[in-house]
Amino acid sequence: QVPLVESGGGSVQAGGSLRLSCAASRASDSGYCMGWFRQAPGKEREAGARIYIDDIGIGSTYYSDSVKARFTISQDNTKGTVHLQMNSLKPEDTAMYYCAADHWDARYCSGGSLTARDFDTWGQGTQVTVSS
């Protein structure tokens, strides 16, 4: 069983928008951290945005400086599915985007210290290409 399934990547011109979705197989669970990382060719995988999955549906969030104010991460009502709305896309946003999940509490999930090595469950990745 695939733990995380991503969808929504594609190609867009600079200034455009895309929406990524990540569905977790454990949709009934709560109390864990889900996020989006991205990796451009020749670069390390970097954090983009994270959200703490809670019972209310309004989890604590984290955004890296490179995506803050342009990207919005959200949890839908069925839980276990996270969306990343990406607006005002730039060519430097071009990368493979990966969904990740792990059991980090809200304090760590919304903080800035977690890296890709702190997550054990990953999706296959979805390509986002932004042309100038």
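Laboratory data are not the source of any read-out in this text; all were calculated from the coordinates shown. Fair warning: this is a prediction, and the values are worked out from it, not measured in the lab. Cβ coordinates were reconstructed from backbone atoms using ideal geometry, including for glycine residues, and neighbour counts include every protein chain displayed.
How high is the relative contact order of the chain, in percent, with contacts defined as C-alpha pairs under 8 Å that are six or more residues apart?
Once divided by the residue count of the chain, the mean separation gives 35 percent.
Under a point-charge model restricted to the Cβ atoms of Lys and Arg (+1) and Asp and Glu (-1), what is the dipole moment magnitude of the chain relative to its Cα centre, in debye to the nearest 20?
Taking the Cα centre of the chain as origin, the dipole is about 300 debye.
Pick out, from Ser60, Trp104, Gln85, the residue whose Cα sits farthest towards the positive end of the charge dipole of the stretch 51-113, with +1 on the Cβ of Lys and Arg and -1 on the Cβ of Asp and Glu.
The listed residue farthest towards the positive side: Gln85.
Tell me, what is the FRET efficiency for Asp102 and Thr129 to the nearest 0.05, using R0 = 25 angstrom and their Cβ-Cβ distance as r?
0.35
I'd like the Karplus ³J(HN,Hα) series for the stretch 81-86: coefficients 6.51, -1.76, 1.60, θ = phi - 60°, whole numbers in Hz, and an x wherever there's a Gly or Pro.
10, 10, 10, 10, 8, 10
For the chain, I need the span (max minus min coordinate) of the C-alpha atoms along each principal axis, in Å, sorted largest to smallest.
Taking the Cα atoms of the chain, the three principal extents are 40, 27, 27 Å.
Just to confirm the filter: which trypsin sites (Lys or Arg not before Pro) across the stretch 49-132 are DSSP coil and have at most 14 other Cβ within 10 angstrom of their Cβ?
Here the sparse-neighbourhood loop sites are Lys68.
Nearest 0.05, what FRET efficiency do Arg19 and Glu46 give at R0 = 22 Å with Cβ-Cβ as r?
E(calc), rounded to 0.05, equals 0.65.
Round to the nearest 0.05 the FRET efficiency obtained for Val5 and Asp118 when R0 = 25 Å and r is the Cβ-Cβ distance.
0.75
With a cap of 11 neighbouring Cβ atoms within 10 Å, and only residues DSSP puts in a loop, list the chymotrypsin sites (Phe, Trp or Tyr not before Pro) found in the stretch 64-132.
none
In debye, nearest 20: dipole of the stretch 89-132 around its Cα centre with unit charges on the Cβ of K, R (+) and D, E (-)?
Taking the Cα centre of the stretch 89-132 as origin, the dipole is about 100 debye.
Check each of the GluC sites (Glu not before Pro) in the stretch 39-132 and keep only those in coil by DSSP with at most 13 other C-beta atoms within 10 angstrom; list them in order.
Passing sites in the stretch 39-132 are Glu44.
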